[in-house]
């Protein structure tokens, strides 16, 4: 009697387990489907948006070849280098800004500290690109919206407001014991020494997180880049470039190359992101507990 | 109340001397500093500081005389002379005379005001610096030299060194543009008043009246778009949250194998840039897209109007947003779910509760308790969720019912703002929408931030 009951319970558990795994498999297939679809598209021979069968009749590498060689209208290699250049420059500035501000807010006590944090909170509540047009006119006023100055404009836009994104890294600095600073001060270290020689080496995870986050921003943004680079395709970043490939007049010929470009951009971003993920999870759970 | 707060601030930072005190107790040189910046520093033999302050004052005065006063005047009037056509007898052609450009008047006015604010801060610093020098002399010390100040930047004044460039960036690329844009809400800068051809002018609160008045087309559009924005934000937040928790529970339950593989598969979608995944989704959902193709091949059904019918489109964006949002919930709740005390579940099991009862009586209440602040933050983020709507539907389906066809049935306030400013050049209306969105966000945020422990007791940790 007892054994049959145990037997039926374990059978029931096994059925549940099988059901759960089937459910997860189906769901994850649905989840992966759009990504799989992009990859499939990029190897498809048919160029346009209208397809007649789910599985491509013929696979080809031509879309990738076209993307990198047919640069008359859409100069993808150039866009890639543009984005890389802007990303590296703004990454350096942004990282410095974010770390400097969050360290000051976490460790130093000065008069504008509280007002600064309150103002940052208020500024964060305005729709992000409400000021976009105004930024464009200000940059235009400085003559930064023509020719190669667009690079400088983009770098300044991506790193200009960085001092407001201090929440995660400040939270991180808050968790480093203050006793370390005090000990350093007793030993005669200046605050600069404490910052550069003690706290920074201890904060590698947040430094890496900030660098990667800043590096990724120009690859993902298309709103600001579109407004600033305007009508000059030579200074597009990959995001706007790919976005214009899907215009009504281009989509017939460029849908498949778009997918190829998307794959090329997504691979490095995905790798960076998956690497970032552990910091991301830690940062969030830390913020909630705090 | 404000006075009390001020006193507290002074008590907290005793080394910061109030400017009023410096002027009252200052000697003749300190008082002279109010007129000639740097005078006090020269008297105390701090030549370099004195020269720098003096140079700043001269620079500011020159700026104001040659430029600033005119800019402020234009800022008040926003330009008086319209660009006009004049017939040139000699060349036998019409030539345009350059009139005033209201938009530049506004911009330069704002810049002048910011320069003035910066100068006032510098002026206060000069008086303080002079008074501090005076105190040092009266105590028999040597006043601080320029070299010492530079050295202090690495120690006692390190926040000056580290914060000044980021602050400058914020003022130039966030605060100033925002003020510029907010001011536009009080003008008639729309598609009918575009400089340089035409001038625009201050109109006070008229735009707010037009947008909020539910009688006109503009008002109807605003309230309807606002309604949809709130519905969207509600579903986008709570459906993602609940389904995300359920998925996390399923992955984390004891019997599930390969937990990290499942987590990897579901979070892979975050790794793909949204402009790629959502643009592709858009083409997949079209009439001849792959979803309709599959529906036809597999079930011989359709085509479904995923994005062309208003109700369909609204449901579709909410469902697609599940695809976007659940992975984020999965990442953020996994750690917290593990913190739920196991005794609670064991007790429930002993009492014979099934999975549903445990979920609704234990898991959800616990999660809601821990994560309510974050949920409200997510809610406000969803109100401003530009990417999903813009890339997926771009507001479509369009409707004539809305103001001059500027908004579609799935447009949120932010995407409508984008279309008003970028596509239609109704800058004043865009600015009004932005300000109203801000008020909405601020109200929601005040409800939470004020009540969270981390705001009240920041020093609690460490």
- [ ] Search region B:367-382 for residues that are more than 21 Å from residue B:321 (Cβ to Cβ) and within 11 Å of another protein chain (Cβ to nearest Cβ) and pair each with any residue that is in a helix (DSSP H, G or I) and at pLDDT below 75 when their beta-carbon atoms are under 7 Å apart and the residues are at least 6 apart or on different chains.
- [x] B:370/A:288; B:373/B:448
- [ ] Evaluate region B:301-311: report whether one residue or more is over 30 Å from residue A:46 (Cβ atoms) and modelled with pLDDT under 85.
- [x] no
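Report yes if some residue within region B:105-113 is within 20 Å of residue B:428 (Cα to Cα) and in contact with a strand residue (DSSP E or B) (Cβ under 9 Å, 6 or more places away or on another chain); otherwise report no.
Of region B:105-113, the ones within 20 Å of residue B:428 (Cα to Cα) are B:105-111.
Applying the additional criterion that residues be in contact with a strand residue (DSSP E or B) (Cβ under 9 Å, 6 or more places away or on another chain) yields B:106.
Scanning region B:105-113, I find at least one residue that is within 20 Å of residue B:428 (Cα to Cα) and in contact with a strand residue (DSSP E or B) (Cβ under 9 Å, 6 or more places away or on another chain), so the answer is yes.
Is region B:342-354 home to any residue that is in contact (Cβ under 8 Å) with a residue 24 or more places away in the chain and either under 28 Å from the mean Cα position of the chain (by Cα) or surrounded by fewer than 19 Cβ atoms within 10 Å (Cβ to Cβ) (or both)?
Taking every residue of region B:342-354 in turn, none turns out to be in contact (Cβ under 8 Å) with a residue 24 or more places away in the chain and either under 28 Å from the mean Cα position of the chain (by Cα) or surrounded by fewer than 19 Cβ atoms within 10 Å (Cβ to Cβ) (or both).
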- [ ] Please work out which one of (1) surrounded by fewer than 16 Cβ atoms within 10 Å (Cβ to Cβ); (2) at pLDDT below 85 is the condition residue B:448 fails and give its number.
- [x] (1)
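Taking helices (runs of 4 or more DSSP H) that do not extend beyond region B:225-323, which have at least 1 residues that are under 23 Å from residue B:409 (Cα atoms)? Lay out the reasoning, then the answer.
Working: elements: B:259-271, B:274-284, B:290-299.
Of the helices (runs of 4 or more DSSP H) lying wholly inside region B:225-323, those with at least 1 residues that are under 23 Å from residue B:409 (Cα atoms) span B:274-284, B:290-299.
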TODO: Scan (1) within 12 Å of chain A (Cβ to nearest Cβ); (2) in contact (Cβ under 8 Å) with a residue 12 or more places away in the chain for the single condition residue B:137 breaks and write down its number.
DONE: (1)
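Going through B:316, B:311 one at a time, which residue ends up being loosely packed, with under 15 Cβ neighbours inside 10 Å and farther than 24 Å from residue A:20 by Cβ? Quick ask: steps written out before the conclusion?
Details: B:316 fails: loosely packed, with under 15 Cβ neighbours inside 10 Å.
One residue alone meets the criteria, B:311.
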Open item on the list: Being crowded, with 19+ Cβ neighbours inside 10 Å, within 27 Å of residue B:395 (Cα to Cα), more than 8 Å from chain A (Cβ to nearest Cβ) and at pLDDT 80 or above is the requirement here; does residue B:321 meet it?
Closed with: yes
Task: Residue in region B:292-306 that is surrounded by fewer than 19 Cβ atoms within 10 Å (Cβ to Cβ), in contact with a helix residue (DSSP H, G or I) (Cβ under 7 Å, 6 or more places away or on another chain), closer than 17 Å to residue A:32 by Cβ and assigned by TED's automatic domain parsing to the domain that holds residue B:225 present - done: no
Open item on the list: The conditions are (1) in contact (Cβ under 8 Å) with a residue 40 or more places away in the chain; (2) under 26 Å from the mean Cα position of the chain (by Cα); (3) within 14 Å of another protein chain (Cβ to nearest Cβ), and residue B:269 fails exactly one of them. Which is it?
Closed with: (2)
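If you check A:128, A:171, A:188, which single one turns out to be under 30 Å from residue B:157 (Cα atoms) and without any contact (Cβ under 8 Å) to a residue 40 or more places away in the chain?
Numbers: A:128 fails: under 30 Å from residue B:157 (Cα atoms); A:171 fails: without any contact (Cβ under 8 Å) to a residue 40 or more places away in the chain.
From the options A:128, A:171, A:188, the qualifying one is A:188.
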Open item on the list: One residue is enough: does region B:190-212 have a residue meeting the conditions part of a helix (DSSP H, G or I), within 11 Å of chain A (Cβ to nearest Cβ), at pLDDT 85 or above and surrounded by 15 or more Cβ atoms within 10 Å (Cβ to Cβ)?
Closed with: no
Open item on the list: For region B:331-341: of the residues being free of Cβ contacts under 8 Å to residues at least 40 places away in the same chain and under 32 Å from the mean Cα position of the chain (by Cα), which is surrounded by the fewest Cβ atoms within 10 Å (Cβ to Cβ)?
Closed with: B:335
- [ ] Can you confirm whether region A:177-187 contains a residue that is outside any helix (DSSP H, G or I) and under 29 Å from residue A:240 (Cα atoms)?
- [x] no
Open item on the list: Step by step: first the residues of region A:128-142, then only those that are over 22 Å from residue B:381 (Cβ atoms) and more than 7 Å from chain B (Cβ to nearest Cβ), then the one that is surrounded by the most Cβ atoms within 10 Å (Cβ to Cβ). Which residue is that?
Closed with: A:139
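Touching a residue at least 24 places away in the same chain (Cβ under 8 Å) and facing chain B (nearest Cβ under 8 Å), is that true of residue A:110?
Details: touching a residue at least 24 places away in the same chain (Cβ under 8 Å): no; facing chain B (nearest Cβ under 8 Å): yes.
No.
Test residue B:71 against the criterion of being modelled with pLDDT of 85 or more, surrounded by 16 or more Cβ atoms within 10 Å (Cβ to Cβ) and either within 14 Å of chain A (Cβ to nearest Cβ) or in contact with a strand residue (DSSP E or B) (Cβ under 9 Å, 6 or more places away or on another chain) (or both), and give yes or no. It would help to see each step written out before you state the result.
Details: modelled with pLDDT of 85 or more: yes; surrounded by 16 or more Cβ atoms within 10 Å (Cβ to Cβ): yes; either within 14 Å of chain A (Cβ to nearest Cβ) or in contact with a strand residue (DSSP E or B) (Cβ under 9 Å, 6 or more places away or on another chain) (or both): yes.
So residue B:71 passes the test.
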TODO: Search region B:232-250 for residues being over 19 Å from residue B:369 (Cα atoms) and surrounded by fewer than 21 Cβ atoms within 10 Å (Cβ to Cβ), and hand back the single one that is farthest from the other protein chains (Cβ to nearest Cβ).
DONE: B:235
Open item on the list: Whether any residue in region B:398-414 is surrounded by 17 or more Cβ atoms within 10 Å (Cβ to Cβ), within 13 Å of chain A (Cβ to nearest Cβ) and closer than 23 Å to residue B:194 by Cα is what I want to check.
Closed with: yes
Open item on the list: Of everything in region A:143-192, what is over 27 Å from the mean Cα position of the chain (by Cα) and within 10 Å of chain B (Cβ to nearest Cβ)? Give them in sequence order.
Closed with: A:177, A:178, A:179, A:185, A:189, A:190, A:191, A:192
TODO: Just one of (1) crowded, with 19+ Cβ neighbours inside 10 Å; (2) assigned to a helix (DSSP H, G or I); (3) at pLDDT below 90; (4) at the interface with chain B (Cβ under 8 Å from one of its Cβ atoms) trips up residue A:121, so point out which.
DONE: (1)
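The values are calculated or read from the model by the stated rules, or taken from the named source; none is laboratory data. Nothing here was measured: the structure is a model prediction, and the numbers come from that model. Cβ atoms come from the backbone with ideal geometry, glycine included; neighbour counts cover every protein chain shown.
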